[in-house]
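Colleague: Submitted below is the structure of interest, expressed as structure tokens.
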Amino acid sequence: MVAVFGTTGVQTKIHKYTIDSIKNAKKIVGSKLPIGIGFGISTPSDVKKYVSVGVDAVIVGSANLKIIENTPPSKLQKRITEYTKKLKRSTRIGKAT
């Protein structure tokens, strides 16, 4: 699923139409198919919100590109790893992060 209509990249708002679409898709497919969402996802808060309404996966693009653009090559692997782990911790709904 696409999280936003129009220009993609780092977003500041999660749209109601996206949440409604996720819930409707979950009703239709249940657990038969995983639902992933991408475009505009960049923070642990974004991940937590989407996971809490039923997505099984999030796809992060622009936020990783920003890290690549702003990080020296010698520190890039560490920075991407830290960022990815931070987002992953957000998938643990109901647990301390």
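The values are calculated or read from the model by the stated rules, or taken from the named source; none is laboratory data. None of the values given here were measured: they were computed from a predicted structure. Here the Cβ is made from the backbone with ideal geometry for all residues, glycine too, and neighbour counts use every protein chain on show.
Colleague: Can you name the residue in region 57-78 that is of a type in the set (Val, Ile, Thr) and over 16 Å from residue 41 (Cβ atoms) and is also nearest to the chain's Cα centre (by Cα) among such residues?
Modeller: Looking at residues that are of a type in the set (Val, Ile, Thr) and over 16 Å from residue 41 (Cβ atoms), I get 68.
Colleague: If you don't mind, there's one more thing I want to ask. Please work out which one of (1) over 30 Å from residue 27 (Cβ atoms); (2) not in a helix (DSSP H, G or I) is the condition residue 91 fails and give its number.
Modeller: Unmet condition: (1).
Colleague: Right, another one. Considering each of 42, 31 in turn, give the residue that is free of Cβ contacts under 8 Å to residues at least 24 places away in the same chain and not in a helix (DSSP H, G or I).
Modeller: One residue alone meets the criteria, 31.
Colleague: Note down all Cβ pairs under 6 Å where the first residue falls in region 45-66 and is free of Cβ contacts under 8 Å to residues at least 60 places away in the same chain and over 19 Å from residue 79 (Cβ atoms), the second is surrounded by 17 or more Cβ atoms within 10 Å (Cβ to Cβ) and hydroxyl-bearing (Ser, Thr, Tyr), and they're at least six residues apart or on different chains.
Modeller: Within 6 Å, the pairs are 48/90; 51/91.
Colleague: While we're looking at this one, here's another question. What about residue 31, is it at pLDDT below 90 and either surrounded by 15 or more Cβ atoms within 10 Å (Cβ to Cβ) or in contact with a Pro (Cβ under 7 Å, 6 or more places away or on another chain) (or both)?
Modeller: Criteria not met by residue 31.
Colleague: Further question: Modelled with pLDDT of 85 or more, loosely packed, with under 13 Cβ neighbours inside 10 Å and polar (S, T, N, Q) - does that describe any residue in region 48-68?
Modeller: no
Colleague: Taking the conditions exactly as written (modelled with pLDDT under 90 and not charged (D, E, K, R)), does residue 42 satisfy them or not?
Modeller: Yes.
Colleague: If a residue has to be exposed (fewer than 15 other Cβ atoms within 10 Å of the Cβ) and in contact with an Asp or Glu (Cβ under 9 Å, 6 or more places away or on another chain) to count, how many in region 69-97 make the cut?
Modeller: Residues flagged as exposed (fewer than 15 other Cβ atoms within 10 Å of the Cβ) and in contact with an Asp or Glu (Cβ under 9 Å, 6 or more places away or on another chain) within region 69-97 amount to 0.
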